[in-house]
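Some notes on the structure that comes next.
Coordinate-derived values only; no laboratory data. As the structure is a prediction and not an experimental result, all values here were calculated from the model. Here the Cβ is made from the backbone with ideal geometry for all residues, glycine too, and neighbour counts use every protein chain on show.
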Amino acid sequence: MMTSDKIIRVSIWVYLAIFFAYLLGPLLIMSLTAFNSPGFPRATPWECLTFDWFSALFQDERILNGIKNSVLVGIGTIILSVSMGLAGALMLTQIWPKLRATYYTIIIAPILIPGVVIGISTLVFWDRVNRMLGLGADSFLSNGLFLTIIGQSTFIASYCMLVLVARLQRYDMTLTEAALDLGATHAQAFRKVLFPFMMPAIASASVLAFLASFENYNTTTFTFGEYPTLTIELAQKVRYGITPAISALAFMIVILTVFAALFNEANIKRKEMVAEARKDATVGELAGKIEVPGILSRNTPAMLLILLLVVTVSVIGSSFVYSPNQCIADVHEQKRIETELRIQQLRDQRAKDAAEKAAKEGAAPVQKQTAPKAGNNSGFGGVFAPSTLDNSDN
Amino acid sequence: MPGFLKEYYKRNGTMMGSVMLGLVLFWTVGLIILPQLSMLDFSFRPNLPPPEIGGPKDIYTLENYKYLIFGPEGGGQDYNAVDLAVFYRTLVAAIFVTLFNLLLCYPIAYYLGQNKGNHIRIFALMLIIPYWINEILRAFALRIIFGETGVLNTLLVGTGIFDTPFDFIRNDIALYAGLGYAYILLMIFPIYNVIESLDHNQIEAARDLGAPWWRIHWRVVIPYAKPGISSGCTMVFMLSAGALAAPQILGGPSSLWFTQLIYQQFNDNSDWPQGAAYAIVLLVTCILLVLAVMRLFKVNMGDIGK
């Protein structure tokens, strides 16, 4: 019994290891390629440590422009989709019960509709509206920014709605009623009572909306017009020739993500520790100031965060001093020597073959049918059968 | 003003009520319903240059749908074999990607859902981090690995398993790995959410009654997790059938995904109605497939997105 338990436990860990290797391995290897010097992103063979791909990235006009457009689209999408999501969530609590299921299906559907379809329908519909209003091709309605924000908000609002509904379910509607009874206007009741309650959910919906907008490709690829976002630029680059500069960008996004995640974890951990300290505190301590443990003590995520920060800063610092030129030159030299060696070998081989051939033709011309004939094809390792060669000779 | 509207305005105030109603109507009608109807309408029209739109030639026609099935008129073929094959392959591959993801993710979701502790939080973090990174970059990462001189080939040739580099991209292995990779999180989270709420005592009880582990899963955990499983499967299936970035980056030169055909109609051929028709076919087929499977397993639409 004990052994079978052990087997199960070991197999669980092996499975977890394989799973996370599949999940994180590609990102790790991609990050490595950002520091390797060959012009094609590869982790093997390792040639030279270099930071040049980062400077290449920062000099790329199209990438920088893409980031700018992505931020613009992201802000627009946050505003539009969070407000639509909030309105949609509030409406869900009020709508006529018979209509509720239909309404819910309609506002949840955009999550399931393929992004390509949303992009196309947005493009086709607003093109038609544009024509019906008699506006030209350069009007506001056919502007790439407008179309992208509209297209993305169609489904991102559904994500926001789901996040907001979860919080709204815990809201006590009588609070709003109390505010109204006390003479607040509807707008005031919303701003002073409901909105502060919804704030955490609105914040996480905004983050979600921005991330979804930032990484969207399928919808944006039909609507971007004159405003290619970062994702669009990346896709163009990846499709028509890839360079380690893209790995450099990916590496920075990975690092930023890890930072954000660790920061979030450290914050949660700290809050937990404060709550724990409060629980044990006496009344007197609560009235005065509570002894809160320092930021770093027993807070693993915070410690990791500081460690990562130190490593990052020192790597960036050393990147200004470090120059891979010597190493690149060495590798270059070595490659040159290798190539020369190979040429020399080929040359020797050819000379040897020629000598053999001459010897054979001189000594035993009768054996022509059976002996492998080494002509000027010897460099190809005798891929041609001797008989073929004979035929071509004749 | 009808009674229910009057009551609605009384409850929300004129200003707030109007803003709310306006936003909801803009979203549901202006962004969801009308564009889809407009696309449907568009798919039944011939491809005309802008001045002729609305003119006498602008009539309803089934031409665009006929094209998908029978190919160009006078093309000498009975059926549009190329496009139909791409369509069929897309659907079958999407189903396989979904099943692969389900098999891969169910144990993880079960493990995360039924265990507590610090390491679970770290695992959850490690799950989420790849999903904050761009879809394009994830595909790019896989391309580095599966490329002809990529890590995997170097490893396989270096250890002597293969003599020559294996072309993963031409054989579509890279594509399937990429699609599976792209939507892991969407499969894990719905299942995890459901399994987390399963009382561990139920599993203990089943074990005490002598059920082997596979029967515990078959009779207790899986029936309980059915809404999560169907939700995850639906999302992964729809997203991988509608994926565009992964096939463009990881697909071989000769193999197309159906969305790439739509993309070509729009961007290379400038034939919008044809593209719209293909999009409609994809959308309707996917929805019908999902509904059929949900009917088969007796799951409700309302469970999706929970």
(message) If I take every Cα pair under 8 Å that is 6 or more residues apart in the stretch A:67-230, average their sequence separation and divide by the length, what percent do I get for the relative contact order?
(response) 44 percent
(request) For the stretch B:188-196, just list the computed ³J(HN,Hα) in residue order, Karplus coefficients 6.51, -1.76 and 1.60, θ = phi - 60°, integers in Hz, with x standing in for Gly and Pro. (result) 5, 5, x, 5, 4, 4, 6, 5, 4
(message) As a test of understanding, state the convex hull volume per residue of the stretch B:1-42 from its alpha carbons, in Å³.
(response) 73 Å³
(message) Taking 0.36 nm per residue of sequence separation and subtracting the Cα-Cα distance, how much length would be gained by fully extending the chain between A:Ser139 and A:Ala358, in nm to one decimal?
(response) 70.8 nm
(message) Regarding the stretch A:114-159, what's the average projected area of the Cα-atom convex hull, expressed in nm²?
(response) 3.2 nm²
(request) Take every residue in peptide A:131-138, count the Cβ atoms of other chains within 10 Å of its Cβ, and give the average of those counts. (result) 1
(request) Starting from one equal scatterer on each C-alpha and no solvent at all, send me the Debye-based log10 I(q)/I(0) for chain A at q = 0.06 Å⁻¹, two decimals. (result) -0.49
(request) Work out, step by step, the length gained on full extension between A:Asp348 and A:Val10: first 0.36 nm times the residue separation, then minus their alpha carbon distance; give nm to one decimal. (result) 116.0 nm
(request) Take every Cα-Cα pair in the protein assembly as shown and report what % of them are more than 36 Å apart. (result) 54 percent
(message) Output needed: Cys residues of chain A lacking any neighbouring Cys C-beta below 4.7 Å, sorted by number.
(response) A:Cys160
(request) Per residue of B:240-252, count partner chain C-beta atoms within 10 Å of its C-beta, then hand back the mean as an integer. (result) 4
(message) Helix-only estimate, please: 222 nm mean residue ellipticity of the protein assembly as shown, summing -39500 (n - 2.57) across DSSP H runs of length 4 or more and dividing by its residues, to the nearest 500.
(response) -23000 deg cm²/dmol
(request) Working from Cα positions, state the angle (0 to 90°, nearest 10) between the long axis of helix A:300-321 and the longest principal axis of chain A. (result) 50 degrees
(request) Just subtract the alpha-carbon distance of A:Asp280 and A:His332 from 0.36 nm times their residue separation and send over the number in nm, one decimal. (result) 12.1 nm
(message) Applying a 10 Å radius around every beta-carbon, put A:20-29, B:126-135, B:188-197, A:334-343 in order of their mean neighbour count, most first.
(response) B:188-197, B:126-135, A:20-29, A:334-343
(message) Pairs of alpha-carbon atoms within less than 8 angstrom and 6+ residues apart define the contacts here; what relative contact order does chain B have, in percent?
(response) 23 percent
(message) What Kirkwood Rh does the stretch B:61-303 have if only Cα atoms enter the pairwise 1/r average? Answer in Å.
(response) 20.5 Å
(message) Residue by residue through the stretch A:98-111, what is 3J(HN,Hα) from phi via Karplus (6.51 cos²θ - 1.76 cosθ + 1.60, θ = phi - 60°)? Round to whole Hz and write x for glycine and proline.
(response) 5, 8, 4, 4, 4, 4, 4, 4, 5, 7, 8, 4, x, 5
(request) May I ask you to sort B:Met16, A:Met173 by Cβ crowding, counting other Cβ atoms within 10 Å and putting the fewest first? (result) A:Met173, B:Met16
(request) Would you mind getting me the FRET efficiency between A:Leu341 and A:Arg239? Use the beta-carbon distance for r and R0 = 51 Å, nearest 0.05. (result) 0.85
(request) Evaluate peptide A:103-110: per residue, the Cβ atoms of other protein chains within 10 Å of its Cβ; return the mean as an integer. (result) 5
(request) Kindly write out, for the stretch B:209-214 in residue order, the coupling ³J(HN,Hα) from the Karplus curve 6.51 cos²θ - 1.76 cosθ + 1.60 (θ = phi - 60°), rounded to whole Hz, with x marking Gly and Pro. (result) 7, x, 6, x, 4, 5
(request) Run the quick spin-label model on B:Glu204 and B:Leu125: label points 7 Å from Cα toward the beta carbon, then report their separation in nm to one decimal. (result) 3.0 nm
(message) Could you tell me the relative contact order of chain A? Use alpha-carbon pairs under 8 Å, at least six residues apart, and round to a whole percent.
(response) 21 percent
(request) List, largest first, the extents of the alpha carbons of the stretch A:67-230 along their principal axes, each in whole Å. (result) 53, 36, 30
